[in-house]
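The values are calculated or read from the model by the stated rules, or taken from the named source; none is laboratory data. What you see is a predicted model, and the numbers here were worked out from it, not measured in a lab. Neighbour counts are summed over all protein chains in view; Cβ atoms, including those assigned to glycine, are modelled from backbone coordinates with ideal geometry. Please note that ligands, DNA and RNA were not included when accessible areas were found on the heavy atoms of the full protein model with its side chains. Shrake-Rupley method; radii C 1.70, N 1.55, O 1.52, S 1.80 Å.
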Amino acid sequence: AHQAWLMVDAVVRTLGRLYLTKRNLLQWVTAAQASHGADARVGLFLRHLRGGVYVAVGTGFLLVFFEAGAWPVAGPFILLWALAPVLAWRMSVPDTVAESQVLSPQETISLRLIARRTWRFFETFVDEEENSLPPDNFQETPEPDEAHRTSPTNLGLYLLSTTVAHDFGWIGVQEMVERLEATLGAMANLRRVRGHFCNWYDTQDLRPLEPIYISTVDSGNLAGHLIALAQACRERAERPRFGPETLEGIRDALRLVLSSLDEADYPQRTQTVTVAQLREAAAAISDGLDGVPKSGAEWADRLEDLKGRAEDLLDIARTLSRGTEEEPPSEVLAWATAVRDSVRSHARDLETTTVHGLERLRRRLSDLEGVAEEMVRAMDFRFLY
C-alpha cells in the first residue's frame, strides 16, 4: 500500500511539474525523505507512512460498501497495511547498546596487524625513485608491475598514514618527519592550478598526466588530510618521544614474523640454523618488549639491547630463507627486517632527548605544519562550485 501511494504520488508530481508548474524539475530526494530515519519517534513514522494508511482505510470502505464478502481474505491485508507505521517503528528502534564498547585483546591485535601489513605498502614503494610520492598501486599478477603515478588522494592518504605509523610505534618521530619533509618537498615542485594539485602525476618525472584536470573530490580529500596532518605535527611537538606504543609497534612486526613462520614450509637447508632457533630469537625480543622504561637512560639501554637481539633474529631469518633465485622473497625475512628497522628507527629518536635535539625537532614539525596549512589555504575551491 505504501509503495502504491508513493508511485501514484511520483507520477502525479512528475506530470504536474513537467506540464503545469515547470518547477522543482531536478528534485530527486525530498527533504522529508532525507531527514527520515534520523529520528525513531513513532509519530514521524506515522507521518512518513500515512499514504499507506490512507490506502488501507479507503480500501476498507470500498469493501464495506461494494464487496463485504471479501473481508475474510482482504481483512488481514488491510489490517497489516494500517498497522505498517507502528510495525516499521518497532523494527527500527535500535537495541540498547553500551555507551562504549571495548575491543577484546585478540580483536585489537588482529586490527593492528592488518594496519601493519597496510603500512608495509608505503614502506616498500615510497622511495627516492618515486620522488617520495606514493604510487597508485602494485600489481602482483600476472606479473609484478608498479603503477608510477599518483593522485591527490594517494598523497593525502600517505601523509596521514605516516603520522599514524608513528602513533602505532612502527617508526620513530625522526623517520616520520623525514618522510613528511621529502613528500611535501616533492609536492611543492608539482604543477598546480589555482592551488589545486592535478588529478594525476608521473611519480618519476613529476609531470602531470594528460588529460590535465582538477578533481573536486580528490582536492577535498587532500585538503582534509593536510588539515589533519598540520594538527598531528602540532601535537607531536609536545608528545614524549617514547611510550608503550614504541614497544607495541616493534611487537607487531615480531608477531608477523611468527605468523609468516607458521605459514612457511622450510626444507632442511642447513644444519646450523633451524626454525626452533628463529623462534628462540623471537622470544628473546619479546622478553625485551615487556615493561615500559621510566627514564631516558633506561630507554637508551633497552633500545640498544633490542638492536642486538633484532640483528640476531635477522641473521637467522636471512640464513633460513636463503634459497634459489626462482623462489619468491621470504615473508619471514621481510618481517624480520621490519623488526630490525623499527628498532633502529626508534633508537634514532634518542638524539631528540637532548635540549638541542628537541628544539630542532620542534622547528621541523612547526615547518611541516606551516607547509601543510599553506597548501590548504592556496586551494581556491570557488571556481569548482
What does the highest-first list of 113-120, 341-348 look like by mean Cβ count within 10 Å? 341-348, 113-120
Magnitude of the charge dipole, the stretch 179-244, Cβ model with Lys/Arg +1 and Asp/Glu -1, debye to 20: 260 debye
At 222 nm, what helix-only mean residue ellipticity would the chain give, in deg cm²/dmol to the nearest 500, using -39500 (n - 2.57) for each DSSP H run of four or more? -21000 deg cm²/dmol
When the chain is treated as a Gaussian network with springs between alpha carbons less than 10 Å apart, the largest mean-square fluctuation among P211, P134, P94 is found at P94
Give the long-range amide H neighbours of R149: residues separated by 5 or more places, or on another chain, with amide H under 5 Å away, using H modelled in the peptide plane at 1.01 Å from N. D136, N137, T203
Quick one: which residues, 5 or more positions from R207 or on another chain, have an amide H under 5 Å from its amide H? H modelled 1.01 Å from N in the peptide plane, none for Pro or chain starts. D202
Let me know the shape class of the stretch 97-236, please: from the alpha-carbon gyration tensor, a ≥ b ≥ c as square roots of the eigenvalues, rounded when a/c is under 1.5, otherwise prolate if a/b is greater than b/c, or oblate. prolate
Under 5 Å between amide hydrogens, which residues at least 5 positions from H196 or on another chain qualify, with H placed 1.01 Å from N in the peptide plane? D380
Could you report the stretch 79-129's accessible area per residue, 1.4 Å probe, as an integer in Å²? 78 Å²
Using the Karplus equation 6.51 cos²θ - 1.76 cosθ + 1.60 (θ = phi - 60°), what ³J(HN,Hα) coupling, rounded to whole Hz, does each residue of the stretch 295-308 give in order, writing x for Gly and Pro? 9, x, 5, 5, 5, 4, 5, 5, 5, 5, 5, 5, 4, x
Solvent-accessible area per residue for the stretch 312-385 at a 1.4 Å probe radius, Å²? 58 Å²
Accessible surface of the chain [probe 1.4 Å, protein heavy atoms]: carbon and sulfur percent: 57 percent
If you take every residue apart from E351 with its C-beta less than 13 Å away from the C-beta of E351, what net charge results, scoring Lys and Arg +1 and Asp and Glu -1? +1
With a sphere of radius 12 Å drawn around the Cβ of P134, what net charge do the other residues whose Cβ falls strictly inside it have (Lys, Arg +1; Asp, Glu -1)? -3
Could you work out how far helix 355-378 tilts from the main Cα principal axis of the chain, as a 0 to 90 degree angle to the nearest 10? 30 degrees
With springs only between Cα atoms under 10 Å, which of R90, R302, R340 fluctuates most in a Gaussian network model of the chain? R90
